[in-house]
Amino acid sequence: MNTYYFDNNATTRVCDEVFEEIKPYFCQMYGNPSSMHQFGGEVGHKIRESRQRVASILGCKQAEVIFTSCGTESDNMAIRGIAEANPSKMKIVTSRVEHPAVLATCRSFTEHGYDVVEVGVDEKGRLDLDELEDAVDENTAIVTIMHANNETGTIFPVDKAAQIAHAKGAVFHTDAVQSVGKIPVNMAESEIDMLSISGHKLHAPKGVGALFVRKGTRFKPYMTGGHQENGRRAGTENAAGIIGLGKACEVAQRDMELENTQVKSLRDKLETAVMKECGQCRINGDPENRLPNTTNISFELIEGESILLMLDQFGICASSGSACTSGSLEPSHVLRAMGVPFTAAHGSVRFSLSKYTTEQEVDFVIEKLPPIIKRLRELSPFT
Amino acid sequence: MWDYTDKVKDHFLNPQNVGEIENPDGVGQVGSLACGDALKLMFKVDAEGRIADVKFKTFGCASAIASASALTEIIKGMKIEEAAKVTNKDIAEFLGGLPDQKMHCSVMGREALEAAIDNYKTGTTQTHELKGKVVCKCFGITEEEIKRIVRENNLTDVDEVMNYCKAGGGCRACRPEIAEIIEGITGSKADAGEKPYEKPQKLTNIQKIQLIQKCIDEQIRPALRADGGDLELIDVIGDEVIVAFRGMCAGCPSSKITMKDVVEARLHEFVSDDLTVVQEK
């Protein structure tokens, strides 16, 4: 059975160019980049090249890039590192729709006496900037607001949010795991202090990420030990992963236009056809300011897990914000925060595309999905 | 992905006895859209008192559909007295087991069957009424229901209870009480798990008003707005919270129920049990 992959916000395939680039660093060029000998030095040189590639897509300096093991580590490093460096400030401001890597980390600070404020969003998932402005004060150590939401694709005005944070003397961090590689970011033209990225969301391998830390930003290292990453993140580097991330950034920068032409066009075709054929649907997220690859559709009166498993019978991979797929009993915290009614939240399905998604694959979903929705609605006691 | 047995997958993809029966002898409906799963079960009884035909409709996940399908296969041909003895365990065993977190689907099957048999016997359409003290306010689960599930399934901790009936899976405030219920039955200490939300012990008037406003903004308003309504906090006088419904809620015949079951319940949960909510005159 063929696989029709529409779950690229969960993870992406490693692109061929990245795979070719990293292969020698497992069995041939396996030296430790910190070693004094030339064998390790060659790996160190390649890591410097990767740092430059990451800095290029972010529009920052090489020295402002710290390699980590994943987006979650980058988020933790930013939030914990800033809080520890500013012990007199006991407030953290975030949004209610963050990824758990941010939300759970922020909430853990309440156990240490911190005031953690979660700013709300409207029905389209758009950040309430007035509420953010009210929440940030002189006691705020860090404001952390995501760049683009992983479930709905809604893009947040992080440059404006950074200005609000700075007006009160707080450090601003953004989790840009879903946006880097899909839409432009430019740290040279922004006030953002810290920004997290994750390799496997942009066709690099899993197990590698990076954190941009603007020069002059005080933070306390989170992992201590050796002097890797200029003493800001100890631990022998995941050389192959880092090299993969660098190459993936280079490829993403080169191909970014595809995201806003080919990928967006296919996403729109899928969305329009599904809405027309299935009826009683709603799009979750901001239709005017959304990642070009993401659509989150709620199918009223049916449940998301059933839809996913029926799609899976045809090899179609998607994701759901319904409670039943997660093991939790409540639907996605993002959809709840947006005020999506329970009748719709339970039946939400996210399709996330990539540059590898083909029109034939989209047509296949358009062919297979409507009969599934019809069948499940026939089963429902509410229809 | 859940680790479903082949039989669960088969009953999910090829559910048996789907549909409705014209003039059924017994009908039972449990669950709701808000809870995330619901089941409507109906049957016809023959002259010998056997279930001659049975159909269902369900809203829910794969295990909810499979459990409903399995239930219909189990009870078809049974005498009513035999069917009344079918438990959620029988449904789960018929399917070769369900993941722990999905056991509530089998419980929903048993509840729908009980409701349908009751309807058959009394001739009235049964609605799921809450009898006794409600322990889990998020999912409307009573102390009696929890006790029954603990006894029937030999449950020993709060997470297991949550898996079987959802109690304790929402705001989690009731988890210590569920642990006490388990301890009362098993005689052994039950871990309540994650620390529940703790209401502030003492509030100044300003703190109270701020907390009420925060609760309305975060816990109540999103749900009302989703249905085209809204709520405005007018004043707080002592423990009396004066509110005004707006939009669709303003003219809604159910606004009194919303005020007690949603607004007041949430304020009790997150602010103080002493608050009383009244509408602006």
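Assorted remarks:
- In the range A:72-84, the residues that are touching a residue at least 60 places away in the same chain (Cβ under 8 Å) reach residues that are surrounded by 24 or more Cβ atoms within 10 Å (Cβ to Cβ) and part of a helix (DSSP H, G or I) with C-beta atoms within less than 6 angstrom, at least six apart or across chains, in these pairs: A:D75/A:V102.
- Boolean, A:T110 is crowded, with 19+ Cβ neighbours inside 10 Å, among the β-branched types (V, I, T) and either over 15 Å from the mean Cα position of the chain (by Cα) or outside any strand (DSSP E or B) (or both): no
- Any hit, the range B:94-104, residues being more than 17 Å from B:G19 (Cα to Cα), within 14 Å of chain A (Cβ to nearest Cβ) and among the charged types (D, E, K, R): yes
- Selection of the range B:254-281 for residues being part of a loop (DSSP other than H, G, I, E, B), in contact (Cβ under 8 Å) with a residue 40 or more places away in the chain and in contact with an Asp or Glu (Cβ under 9 Å, 6 or more places away or on another chain) yields B:S272, B:L275, B:E280.
- Members of the range A:96-107 that are under 18 Å from the mean Cα position of the chain (by Cα) and free of Cβ contacts under 8 Å to residues at least 12 places away in the same chain: A:P100, A:A104
- Set A:H45, A:H37: member being in the same structural domain as A:K201 (by the TED database) and more than 29 Å from the chain's Cα centre (by Cα): A:H37
- Subset tally (residues that are assigned to a helix (DSSP H, G or I) and under 22 Å from the mean Cα position of the chain (by Cα)) for the range A:334-383: 5
Here is a yes/no grid of residues against (1) farther than 15 Å from A:A248 by Cα; (2) touching a His at 6+ places or on another chain (Cβ under 9 Å); (3) surrounded by fewer than 24 Cβ atoms within 10 Å (Cβ to Cβ):
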residue: A:G120; (1), (2), (3): yes, no, yes
residue: A:K124; (1), (2), (3): yes, no, yes
residue: A:T154; (1), (2), (3): yes, no, no
residue: A:H166; (1), (2), (3): yes, no, yes
residue: A:E189; (1), (2), (3): yes, no, yes
residue: A:S198; (1), (2), (3): no, no, no
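- When A:M29, A:M90 are checked against the criterion of being touching a strand residue (DSSP E or B) at 6+ places or on another chain (Cβ under 7 Å) and surrounded by fewer than 21 Cβ atoms within 10 Å (Cβ to Cβ), A:M90 stands alone in meeting it.
- Any hit, the range A:11-31, residues being closer than 30 Å to A:V116 by Cβ and at pLDDT 95 or above: yes
- Among residues of the range A:222-281, those that are at pLDDT 90 or above, hydrophobic (A, V, I, L, M, F, W, C) and assigned to a loop (DSSP other than H, G, I, E, B), counted: 1
- Qualifying residue in the range B:60-67 (condition: over 12 Å from B:V18 (Cα atoms) and not in a helix (DSSP H, G or I)): yes
- Qualifying residues in the range A:317-346 (those that are more than 9 Å from chain B (Cβ to nearest Cβ) and modelled with pLDDT under 75) - the one nearest to B:M103 (Cα to Cα): A:S326
The values are calculated or read from the model by the stated rules, or taken from the named source; none is laboratory data. Remember, predicted model here, so these are calculated numbers, not experimental data. Every residue, glycine as well, gets a Cβ built from its backbone with ideal geometry; the counts of neighbours run over all protein chains shown.
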